[in-house]
Amino acid sequence: METAAPKLERTLTLSGAVRLNLLDMIGVGPFITLPLLLGAMGGPQAMLGWILGALLAVCDGLVWAELGAAMPEAGGTYHYLGEMFRGRLGRLLSFLFLFQLCFSAPLSVASGCIGLSQYATYLVPQLAVPPVTHTLRLAGYSAVFSIGPTTFVAIAAVVLAVILLYRNLAKVRVLSIVLLSAVLVTIAWAVVVGLMHGHIAQVFAFSPHAFVLNRAFFGGLGSAMLIATYDYWGYYNVTFLGGEVRDPGRTIPRAVLLSIGIVALLYLALNASVLSVIGAPQLLAAQNLEARRALLSQFMQVAYAPSLGAHVATLLGKLAALLVMVTAFASVFSLLLGYSRIPYAAARDGNFLAAFGRLHPTRRFPHVSLLVLGAIACVCCFFSLADVIAALVVLRILLQFVLQHIGVMLLRLRRPEMPRPFRLWLYPLPPLLALMGFGYIVVSRPNFHREVLLAVVVAIAGCLVFAVRSAMGRPGSGARI
């Protein structure tokens, strides 16, 4: 008599789902990207990028909410694509999503670890040694490959996250509460400092030509929205854990939308606080690496130096750097947790290497998937943060989000009777607006062809691998006709 295959346990509640989403969303991004955001539009009008980014996240989040509630399985998009497109096309797109995930998931993890390592140089100046750099070129795509002390700090952060995640989800709960508490304390501290020491007029100190609707304005808005999109992403993390969510028809939609609302308010409050203390002109005048590495620390120094003195202000700046590093690590922790479930789901479905479908014999979590993604993330830590973010955003938009938005509309047409515990509001406006918004972000960027070329190369390579596997008679998820 055959023993039933082990399954994931549904232990994740709404509070736990929101907590893991927030850990995923609030990484190092908002603490290093504000100067870049302001530079994109030349002043505080760049906050419009945050607002539009939040609206885009809501449109996209509604799609995730409907799909996650209707198909609550480990792997998220992997299962959605196979169900939305079906047949051989469904098998191909599911596999293609999984293939690009082997690049985009480690890139996402690495971006948090690289940001963490940059703040580490504020605490330990000896780490700020210029790295040895090389340019990697592949099929017309180029990226900066560097080796230095901060590279190994970033790799160490990945290794530590893997070690802490080497246990089942129930035991991760307490650790996630501790990490989220540190994240919220960091942001709350910054907001309170802004209220006590800032000048609200600086938040709205627009130049006379700030809102002239010309080509430069719309190009800058696209760049600002790209940065905001990177910082908001993660509200869908709960869908990757769909097989472990309790009452998924209600929990998943609520977790997605609550996470977006909470983070939008936190980000706007944080950025307004920083601008109220360090005005946009001062931030724009400091468009260098050191300023980006220690933005929140400099914010604390400027705020506290007049009343507490330079020495105490410097110590508080170091404390802020430490808290930002904890925040970045918390995001890495959540990212690895969610993404490790996707290759596991694909392997259990026969559409990926069988080893990835193994659960740890005693701790009941996909340990092979976790270890492999962690190892690839370590390699990605050798690249520059700018290249990592650009590659991540474009890959994810073109090879995941666009397919999912088209697919949710096709599924509505083909299977109107399908049980949908949550139906996205104002259908079909959200997926259509999301397609327009993400398309604008991709094509409005200077030199956007470079990242589009990378996505094309990844897609072609994935198709070739799929064709070889099909020729060898490998089964896939799309076999559900």
(request) Determine by what factor the alpha-carbon radius of gyration of the stretch 206-345 differs from 2.2 N^0.38 Å, reporting the quotient. (result) 1.34
(request) For every helix of n ≥ 4 consecutive DSSP H residues, a contribution of -39,500 (n - 2.57) applies; sum these over the chain, divide by its total residues, and give [θ] at 222 nm rounded to the nearest 500 deg cm²/dmol. (result) -22500 deg cm²/dmol
(request) Round to the nearest 10 and give me the degree value, 0 to 90, for the angle of helix 169-197's Cα axis relative to the longest principal axis of the chain. (result) 30
(request) Arrange the residues 127, 295 by how much accessible surface each exposes, largest first, with a 1.4 angstrom probe. (result) 127, 295
(message) What do you get for the angle between helix 149-164 and the principal long axis of the chain? Use alpha-carbon atoms, 0 to 90 degrees, nearest ten.
(response) 50
(message) I need the peptides 425-437, 336-348, 296-308, 183-195 ranked by packing, meaning the mean over residues of other C-beta atoms within 10 angstrom, with the highest value on top.
(response) 336-348, 296-308, 183-195, 425-437
(request) With +1 on each Lys and Arg Cβ and -1 on each Asp and Glu Cβ, and nothing else charged, work out how big the dipole of the stretch 14-469 is about its Cα centre, in Debye to the nearest 20. (result) 960
(request) Mind checking the per residue accessible area of the chain for me, 1.4 Å probe, whole number of Å²? (result) 40
(message) Just checking my list (1) 23.3; (2) 21.1; (3) 29.7 against mean projected area of the Cα convex hull in nm² computed from this structure; which label fits?
(response) (1)
(request) Just reorder 349, 247, 24 by solvent-accessible area, largest first, 1.4 Å probe, all chains present. (result) 247, 349, 24
(message) Quick check: residue separation of residue 353 and residue 269 times 0.36 nm, minus the Cα distance between them. What number comes out in nm?
(response) 25.8 nm
(request) Would you mind checking the tilt of helix 47-70 against the longest principal axis of the Cα atoms of the chain, expressed as 0 to 90 degrees and rounded to 10? (result) 20
(message) Need the C-alpha centroid separation for the stretch 233-248 versus the stretch 302-372, integer Å.
(response) 16
(request) Output the antiparallel fraction of DSSP beta bridges having both residues in the chain, as a percent to the nearest 5. (result) 90
(request) Rank 192, 211, 395 by how far each Cα sits towards the positive end of the charge dipole of the stretch 14-469 (+1 on Lys, Arg Cβ; -1 on Asp, Glu Cβ) and give me just the farthest. (result) 395
(request) Just order 202-214, 315-327 by mean Cβ neighbour count inside 10 Å, highest at the front, would you? (result) 315-327, 202-214
(request) Give a quick list of chymotrypsin sites (Phe, Trp or Tyr not before Pro) in the stretch 11-96 that DSSP marks as loop, anything other than H, G, I, E or B, with at most 10 other Cβ atoms within 10 Å. (result) none
(request) On the protein heavy atoms, probe 1.4 angstrom, tell me the percent of accessible surface of the stretch 14-469 carried by carbon and sulfur. (result) 72
(message) If I take every Cα pair under 8 Å that is 6 or more residues apart in the chain, average their sequence separation and divide by the length, what percent do I get for the relative contact order?
(response) 35
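The values are calculated or read from the model by the stated rules, or taken from the named source; none is laboratory data. Here the structure is a predicted model, which means the values were calculated and not measured. Glycine gets a Cβ as well: all are built from the backbone with ideal geometry, and neighbour counts include every protein chain shown. Keep in mind that these areas ignore ligands, DNA and RNA; they rest on the heavy atoms of the full protein, side chains included. Shrake-Rupley method; radii C 1.70, N 1.55, O 1.52, S 1.80 Å.
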